[in-house]
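Report on the structure given below.
The values are calculated or read from the model by the stated rules, or taken from the named source; none is laboratory data. Since we're looking at a predicted model, the values are computed, not measured. FYI the Cβ positions are ideal-geometry reconstructions off the backbone, even for glycines, and counts take in every protein chain you see. These accessible areas exclude ligands, DNA and RNA; they are computed on the full protein's heavy atoms, side chains included. Shrake-Rupley method; radii C 1.70, N 1.55, O 1.52, S 1.80 Å.
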Amino acid sequence: MLLLRERNLQLLRDIPEAIKTLVVYGDQARIQQVLADFLLNMVRYAPSSAGWVEIHVSPTLKQISDGNTLVHMEFKIVCPGEGLPPELVQDMFHGSRWATQEGLGLSMCRKILKLMNGEVQYIRESERCYFLVILEVPMPNSVRAETVKSAAD
């Protein structure tokens, strides 16, 4: 948050209320660490003249064959412009000797996500760039039953 203020950037959030009360199994501290590092790097390289970085969260429930439910979450961390330097992205996905400390951090975050059966992509479009973080975490069966029941009411 300090870096956002220093760079005079606005943080836009598109986070459904329902996600704030979801009960899932997962390593909350590691998920926060990974998302915070992706956000920090996006804030570092967002053009301050454009004035914003956005977080978009999109959860969906997914039934799997054993009768359990997963929450499929997509986190998009977006900024306008060019975004991260190419060498930093290279470090993140292909680094064995990292050129930057940020590249090492992003590479570690990518590996942590992989250990949690998640993935990250870095996408550049004409006017913006973004991290797309995909993660699936299981819901406890008791919570799933309550969620399905309340959705039916």
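Numerical summary
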quantity: Using alpha-carbon coordinates, inclination of helix 28-45 to the longest axis of the chain, degrees; calculated: 30 degrees
quantity: FRET efficiency, Ala18 to Glu82 (Cβ-Cβ, R0 41 Å, nearest 0.05); calculated: 0.75
quantity: Cα→Cβ-extended label distance, 7 Å offset, between Gln10 and Arg97, nm; calculated: 4.5 nm
quantity: Selection from Gln63, Leu3, Leu84 lying farthest towards where the dipole of the chain points positive, charges on Cβ; calculated: Leu3
quantity: Segment 1-115 - accessible surface per residue (Å², probe 1.4 Å); calculated: 60 Å²
quantity: MRE, 222 nm, helices only [DSSP H, n ≥ 4, -39500 (n - 2.57), over the chain, to nearest 500]; calculated: -12000 deg cm²/dmol
quantity: 5 Å binning of all Cα-Cα separations within segment 28-115, expressed as whole percents from 0 upward; calculated: 3, 13, 19, 21, 18, 12, 7, 5, 2, 0, 0
quantity: Cleavage-rule hits, chymotrypsin sites (Phe, Trp or Tyr not before Pro), segment 2-66, DSSP coil, Cβ neighbours within 10 Å at most 12; calculated: Tyr25
quantity: Relative contact order computed over the chain (Cα-Cα under 8 Å; 6+ residues apart), in percent; calculated: 25 percent
quantity: Additional length obtainable on full extension of the chain from Ser48 to Thr60, 0.36 nm per residue less Cα span; calculated: 1.0 nm
quantity: Simple spin-label estimate for Asn68 and Leu132 in nanometres, 7 Å along Cα-Cβ; calculated: 2.6 nm
quantity: Debye, to nearest 20: dipole size of segment 16-100, +1 on Lys, Arg Cβ, -1 on Asp, Glu Cβ; calculated: 80 debye
quantity: Charge context of Glu119, other residues only, Cβ under 13 angstrom, K/R +1, D/E -1; calculated: +1
quantity: Apportionment of accessible area to carbon and sulfur, segment 18-74, percent (1.4 Å); calculated: 54 percent
